[in-house]
Each structure stands twice: as C-alpha cells, then as structure tokens.
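Remarks on the structure that follows.
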Amino acid sequence: MNLVGGWFGAMPVCHGSGGLAAQYRFGARSGASIIILGAFKMVLGFFFGETLVGLLRQYPKSLLGIMVVAAGLELAKVGESLNHGARDLWDISESSIRSNSAQPQTTKHHRQLSDEERKERWTVMLTTVGFLLAFKNDGVGFLAGMLCHCFNQSSRLWNDWEGWRTRYGKRKTKSAVVSPGDEEEQLLSRA
C-alpha cells in the first residue's frame with residue numbers, strides 16, 4: 001500500500017511492531033521479505049478473496065495465540081538489549097585539542113553498565129509495560145515505572161546520605177571538643 005499510495009498522496013501506513021517482530025521471528029530478515037509477503041497477500045485476496053474468508057474463520061485460534069506469544073517474546077528480547085546504546089550511556093567531553101576552527105572538539109565515550117544497573121533498567125521496563133498492559137493506561141504504566149526507578153535509586157541515595165553524614169558528622173564532633181583558644185592556635189598555624 002505504501003509503494004502505490006505514496007504516489008497519490010496517501011499517508012504511509014504500518015501494521016505495527018508486533019507483526020514485524022513475528023515476521024522476524026519466523027524468518028524475515030530484510031525489507032524485501034515484507035514486500036513479498038504483501039504481494040502474496042494481495043494475490044491471494046484478488047483471486048481467492050471470497051473463499052479465503054471462510055477458511056480464515058475456521059483457522060484455529062490456538063495457532064494465532066502461539067504467533068502472538070512469539071511476537072511478544074521477540075519484542076521483549078529487544079527491550080533487554082536497549083541498555084547498550086541508550087543516550088544516557090554516552091559521556092560527551094570536550095578535548096583540549098583544537099582543529100582548524102576555533103571550536104573545541106567533542107568526543108563521545110560509551111559507559112559500560114554493571115550487571116546490577118542492567119537488571120534495574122530491565123525491571124523498570126518490565127514494570128512499566130506490565131502496568132501499562134494491565135490497566136490499559138499509559139499514565140499508570142509511566143507512574144509505575146517511575147516509582148520502580150525511584151525505589152531502585154532510593155537505596156543508593158540513602159547510602160550516599162549515610163556516607164555524607166558519617167564524614168561530616170565526625171568533623172562536627174571533633175570541633176565540639178576543641179576549646180576556643182585551641183581553635184585560634186589551629187587557625188594561626190594554618191596561616
């Protein structure tokens with residue numbers, strides 16, 4: 001439809017990522033395979049349209065279910081590999097080497113994820129998708145994913161706060177023991 005309709009001003013259409021994942025799972029590896037599949041479906045529709053409707057009504061729903069599960073698994077596998085090229089993993093730094101132009105050169109360095117961080121990201125993604133599908137509401141899925149992310153980050157923030165408290169808490173206790181006269185001597189010895 002896109003090959004023909006584009007010449008007449010039609011909007012491009014897509015059958016969705018689920019169908020594409022299923023086609024990939026069952027062997028399609030290039031854009032030409034989708035064109036061949038579309039041409040095959042058009043030929044079947046033109047020549048056997050009326051007789052195919054009855055056949056499609058008799059098609060076992062369990063086979064359709066297997067195809068949907070296969071497409072879902074293929075899409076879920078994509079989610080696991082999303083952590084490799086995510087935008088937040090690229091550290092951009094300006095180098096001191098200047099080229100012919102007066103602009104400093106920027107370089108990108110890819111940061112590697114630890115296994116723990118990879119699992120946290122995977123958990124946030126599954127939580128978001130699970131709530132989105134269960135409640136059929138993007139907002140609920142977004143909130144669930146954000147809460148999961150905040151919960152994962154809360155332990156890290158708590159540990160940072162505890163470290164800060166013990167570091168700066170010890171300084172306060174030392175300064176409380178020092179008398180005002182000793183404090184003046186320490187300041188004069190530093191100068």
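The values are calculated or read from the model by the stated rules, or taken from the named source; none is laboratory data. The structure presented is a predicted model; accordingly, all values stated were derived computationally and were not measured. Neighbour counts run over all protein chains shown; Cβ positions are idealised from the backbone, glycine included.
The table that follows gives values for the structure above.
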read-out: Looking only at the range 81-124, and only at residues there that are farther than 30 Å from residue 148 by Cβ and in a loop (DSSP other than H, G, I, E, B), the one that is modelled with the highest pLDDT; value: 103
read-out: Residue in the range 1-55 that is nearest to residue 75 (Cα to Cα), counting only those that are aromatic (Phe, Trp, Tyr) and in contact (Cβ under 8 Å) with a residue 24 or more places away in the chain; value: 24
read-out: Filter result (among the hydroxyl-bearing types (Ser, Thr, Tyr) and at pLDDT below 70) within the range 7-33; value: 17
read-out: Positions within the range 1-35 being among the β-branched types (Val, Ile, Thr), under 25 Å from residue 68 (Cα atoms) and loosely packed, with under 12 Cβ neighbours inside 10 Å, in sequence order; value: 13
